[in-house]
Amino acid sequence: MAVESNALLRVNNLKKYFPIKAGLFRKTVAQVKAVDDISFYINEGETLGLVGESGCGKSTTGATILQLEKATAGEVIFQGKDVLSFSKKEIRGMRRDMQIIFQDPYASLNPRMTVTEIVGEPLDIHKLVRNKQEKKERVKQLLGSVGLSTEHMHRYPHEFSGGQRQRIGIARALAVEPKLIIADEPVSALDVSIQAQVINLLQELQQEYGLTYLFIAHDLSVVKHISDRVAVMYLGKIVEMTSKVDIYDNPLHPYTQSLLSAIPIPDPTINKERIVLEGDVPSPINPPSGCRFHPRCPHVMEICRGEDPEFKVYGDNHYVACHFLDR
């Protein structure tokens, strides 16, 4: 895969398998192939949207990049260094440059800590403030940048709405001035009216602080408004990756076409064909042979059942893994 010279993050052949143990001696009897040999890059200052159904490995990808989960194989090159080879001390230092916004604003904040303590904790861990007064001023600034006021500083998480809690989580991620933020479905737990506000906030912060995002979501319509490029994931594999314009105007993989057909259109006069996939997503414990999408694909051919398609370029930086395109 061609990688631009200003890529901040490069993921090469990343794998994350979870062992399934059974029996008296807890032997490994199978593996959940949550992330299975994926590669992508994110340029400095851009947003890559990572999209797919629940259980396809999106969140595990983000957790493995951050070393919250230990990779089974592959490389994660951040600013020219492979973070998978880092020591614990080096990982702690890396976390100043790579932060995460969690999906659930209710579970990701400590209910026993005030907003000042939650947002200020990264400042203490990385020794970015000299005293309590400096910490207080920095927390005020961070809360202001995410649309919260100083009167919120001494409150606890249960006193806030879901959208406000997510803003607190964003302020916490911003505290250490990171270069890369992994946003793990940051709006999926919020009301639709609040989702747009949070996405607009993330875009404003990206412009203000020069941030780079890996934006994980299961909804292609959400990703459309914030991403520069989009990668579509299915059962541990990336099946298509290109610019957001191409992904919406010219989707090539049958799975991407199906996801896009499910997006509702507000204009009732437009008759849009719905592509309904048969069956359920197979188990990552025992994925299908060949192309993993073949049991549900409307264009399945004999080669799809036995041979894994190569992830290769079709057109201008448009990567797809599909035998049907080579017919």
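Rule-based calculations on the coordinates, nothing more; no lab input. Values in this document were obtained by computation on a predicted structure and should not be read as measured data. Quick reminder, even Gly has a Cβ in these numbers, built from the backbone with ideal geometry, and neighbours come from all protein chains shown.
Below, the figures for the structure above:
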{"read-out": "Cα-based Rg and Dmax for segment 84-153, where Dmax is the largest Cα-Cα distance (Å)", "value": "13.7, 43"}
{"read-out": "Percent of alpha-carbon pairs separated by more than 29 Å within the chain", "value": "42 percent"}
{"read-out": "Footprinting exposure proxy for S283, S145 (fewest neighbouring C-beta atoms within 10 Å first)", "value": "S283, S145"}
{"read-out": "Descending semi-axes in Å of segment 1-79, equivalent ellipsoid built from Cα gyration tensor", "value": "29, 13, 10"}
{"read-out": "Cα centroid of segment 161-217 to Cα centroid of segment 234-255, whole Å", "value": "24 Å"}
{"read-out": "The chain: relative contact order in percent, alpha carbon pairs under 8 Å with at least 6 residues between", "value": "20 percent"}
{"read-out": "Neighbour-count ranking [beta-carbon atoms within 10 angstrom, fewest first] of R92, R165, R327, R138", "value": "R327, R92, R138, R165"}
{"read-out": "Cα centroid of segment 23-51 to Cα centroid of segment 92-109, whole Å", "value": "18 Å"}
{"read-out": "Full-stretch length increase - V313, K136 - with 0.36 nm per residue and alpha-carbon distance subtracted", "value": "58.7 nm"}
{"read-out": "Approximate shape of segment 156-209 as ellipsoid semi-axes (Cα gyration tensor, √5λ), whole Å, largest first", "value": "19, 14, 9"}
{"read-out": "Partner lysines for K135 [C-alpha distance under 23 Å; skip if fewer than 8 residues away on the same chain]", "value": "K127, K179"}
{"read-out": "Residue order, fewest to most surrounding Cβ atoms within 10 angstrom, among H294, H318", "value": "H318, H294"}
{"read-out": "Scaled radius of gyration (Cα, divided by 2.2 N^0.38 Å) that segment 189-320 gives", "value": "1.19"}
{"read-out": "DSSP-defined antiparallel bridges as percent of all bridges, segment 170-255, nearest 5", "value": "55 percent"}
